[in-house]
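Colleague: One structure is given below, represented as structure tokens, and several questions about it will come after.
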Amino acid sequence: MARILGVDIPRNKVMRIALQSIYGVGPKIAKEVLEKTNIDLNKSSNELTEEEANEIRLVLESEYTVEGDLRREVGLNIKRLKDLGCYRGIRHRKGLPVRGQRTSTNARTRKGPAVAIAGKKSIKSMK
């Protein structure tokens with residue numbers, strides 16, 4: 001199992017898919033990196049040599065922002081919005097959707113699991 005930028009590349013996967021396990025590497029960047037290093041897109045991750053892994057690591061480090069640097073950059077951007085107190089920053093602080101989605105229904109991913117209201121009476125018992 002190869003390690004690139006501190007991430008274990010999954011075994012028994014095609015390289016263009018296996019590279020996507022690195023944070024910040026999607027289909028487009030994975031394809032570009034493999035083309036720059038002259039590695040076959042459909043090569044299995046089991047067949048990857050140490051030299052090829054080092055080539056991939058060098059290309060990713062020099063030309064792309066990935067893993068720790070990207071996580072830090074995104075975190076600092078969110079922190080900046082919170083410190084400014086702008087609308088987006090306030091939404092981040094409250095843990096609500098940031099990009100204009102509805103919240104009366106849906107939004108369960110950002111708001112967390114639904115919590116029942118204690119003492120709420122059902123409609124049938126009110127009649």
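The values are calculated or read from the model by the stated rules, or taken from the named source; none is laboratory data. Owing to the predicted nature of the structure, the values given are computational and were not obtained by experimental measurement. Every residue, glycine among them, receives a Cβ derived from its backbone with ideal geometry; neighbour counts consider all protein chains shown.
Colleague: Filter region 35-87 down to the residues that are surrounded by 15 or more Cβ atoms within 10 Å (Cβ to Cβ) and among the hydroxyl-bearing types (S, T, Y), then identify the one that is nearest to N12 (Cα to Cα).
Modeller: Here the answer is S45.
Rundown of residues vs (1) polar (S, T, N, Q); (2) in the same structural domain as D8 (by TED's automatic domain parsing); (3) under 15 Å from the mean Cα position of the chain (by Cα), yes/no style:
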| position | (1), (2), (3) |
| --- | --- |
| S21 | yes, yes, yes |
| G24 | no, yes, yes |
| P27 | no, yes, yes |
| L34 | no, yes, no |
| D40 | no, yes, no |
| N46 | yes, yes, no |
| E50 | no, yes, no |
| E55 | no, yes, no |
| V59 | no, yes, no |
